[in-house]
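Here's the structure, in structure tokens; my notes come after.
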Amino acid sequence: MPRSSYSTRFGTRSAASDAFGCCEAARGLSLSRRDFLRSAAGVALGSALMGASPFVRGETARKKRKVIVITFGGGARDQETFAPEGQENIPNMLHELAPQSSFFTHVTNQGILGHYVATASLATGVYETLNNFSAIPPEHPTVFEYFRKDLKRPSSDAWVVAPSNGFNRIGESDCRSYGPGEGARVILPKHLLSAATAAGSTDYDHLLRDNYETPLYTPQIAGGEVEMQQLEMILKLSVDDFMAHARTVSSPDELSVYIAKRLMHEEAPSLLWITMHDIDVAHTGAYSLYVDAIRRTDRLCAELWKEVQTEPEYAGNTTLFVLPDFGRDSDYDAGGNGFQHHRTGDVASRTTWMMALGAGVRQGVVYDNPVQSIDLVPSLGAIMGFSPAQSQGKPIRELL
């Protein structure tokens, strides 16, 4: 049989027809999101031909512009989020953020569905092929390197806050043409906490668990002199104050948001990337914990947006992007495990969404034209004024 076709229990089916079927299913999922948002959040159907971009051009405006990216990490499906049966889990995004945003209902991830490799792809604009469970940097230049090198920005102007220790290499690529020290500074709250609790207290164990997906990959959580310098010199926190706050939070993502707020206040980086990870508790098979994590992530996204409005360096000149790295398996694929995993590569796993809100973004508009997750980096380049030369995505025209 030629490679362009394969056998099913119903006969022979061409790869081309299968691809067409997937595209149609993805389109249907996108339209379902669109119709739900229009009815539940009151947003309008957008068009790429709506007139001139609201983004203010000019060097002065670009120097002042701030961008924050939140990855709605861990993957969440529509039936627990942007669908009638899931809307109770996302009250903040649905009623506060979406009406202020340009909402894209058809964002496709065509790469490897692992959280580190998928986040690396988001950050480089290239579908990376690295081992998801390896402590190595992305192969291609990151958005942070493009931003800093092209615009000659200092290291203090680009930061990543990552709750999983596996993300410690996300800030800088392995690309020689950009060289060491050109990327973002990465702060790992779990490392900070580990350094602060060197005596071995068990009060914080629920904040130090690192990986839900496989027991074979459990990075060593270690903190030391570098982490303590971050805590005291950059975040301006004493060990006692940090530990006291850690006792008040219930999850690693809550700790990450606390750290992100401190960074905003003390360093005011122009490019801040925050990876959320609580939702990945779904791998344990506990549906209630998965839903709780979605609700928490919804609340934290709104909390960060409110923080933007209160920080003088950010208010009025910040654009926020929120998007999942990918979704999770549907309940109807025999090869998957439903909400628990993201292994099939089906439409529910690959077709997600993105919202952009704040400075320069049209409010209350929904777009259902297809874009890819790797389109984020070139879009940020067009907005902030740098050139992501090796990115394979395209700028999203509705944002320009």
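The values are calculated or read from the model by the stated rules, or taken from the named source; none is laboratory data. Predicted model, so just to flag it, every value in this text is computed and none were measured. No Cβ is skipped: glycine too gets one built from the backbone with ideal geometry, and neighbour counts run over all protein chains shown. For the accessible areas, the whole protein counts, side chains as well, though only heavy atoms, and no ligand, DNA or RNA atoms are used. Shrake-Rupley method; radii C 1.70, N 1.55, O 1.52, S 1.80 Å.
Counting other Cβ atoms within 10 Å, keep those with at most 15, restrict to DSSP loop, and tell me which trypsin sites (Lys or Arg not before Pro) in the range 306-351 are left.
Details: sites: K306, R328, R343, R350; in loops: R328, R343.
Of the trypsin sites (Lys or Arg not before Pro), the ones in loops of the range 306-351 whose Cβ has at most 15 other Cβ atoms within 10 Å are R343.
At 1.4 Å probe size, with the rest of the protein present, what percent of the exposed accessible area of the range 334-400 is carbon and sulfur atoms?
44
Roughly how large, in nm² to one decimal, is the mean projection of the convex hull of the alpha-carbon atoms in the range 69-200? Provide the component values of the computation, followed by the final result.
Details: hull surface 43.4 nm².
Mean shadow area of the hull around the Cα atoms is 10.9 nm².
Over the range 78-170, with every protein chain in place, what whole percent of the accessible area is carbon and sulfur at 1.4 Å, could you tell me? Each step should come with its number before you reach the end.
Values: 1320 of 2700 Å².
It is 49 percent, rounded to a whole number.
Given R₀ = 22 Å, what would the calculated FRET efficiency be for T129 paired with S177, taking r from the Cβ atoms and rounding to 0.05? Before the final figure, lay out the partial values.
Values: r = 19 Å, r/R0 = 0.88.
Calculated value: 0.70.
What FRET efficiency, computed as 1/(1 + (r/R0)^6) with R0 = 41 Å and r the Cβ-Cβ distance, is obtained for K152 and A334, rounded to the nearest 0.05?
Details: r = 54 Å, r/R0 = 1.31.
FRET efficiency, K152 to A334: 0.15.
Tell me, what is the FRET efficiency for V239 and R209 to the nearest 0.05, using R0 = 25 angstrom and their Cβ-Cβ distance as r?
Values: r = 22 Å, r/R0 = 0.86.
Result of the calculation: an efficiency of 0.70.
Quick check: residue separation of E266 and Q363 times 0.36 nm, minus the Cα distance between them. What number comes out in nm? Show your work: numbers first, answer last.
Details: separation 97, 0.36 × 97 = 34.92 nm, distance 2.96 nm.
This chain segment gains 32.0 nm when fully extended.
With the Cα gyration tensor of the range 235-360 in hand, give its eigenvalues times 5 under a square root as the equivalent ellipsoid semi-axes, listed largest first in whole angstrom.
Details: eigenvalues 194, 77, 20 Å².
Semi-axes from the Cα gyration tensor: 31, 20, 10 Å.
What are the lysines whose alpha-carbon lies under 30 Å from the alpha-carbon of K64, with same-chain residues fewer than 8 places away excluded?
K149, K152, K236, K261, K306, K394
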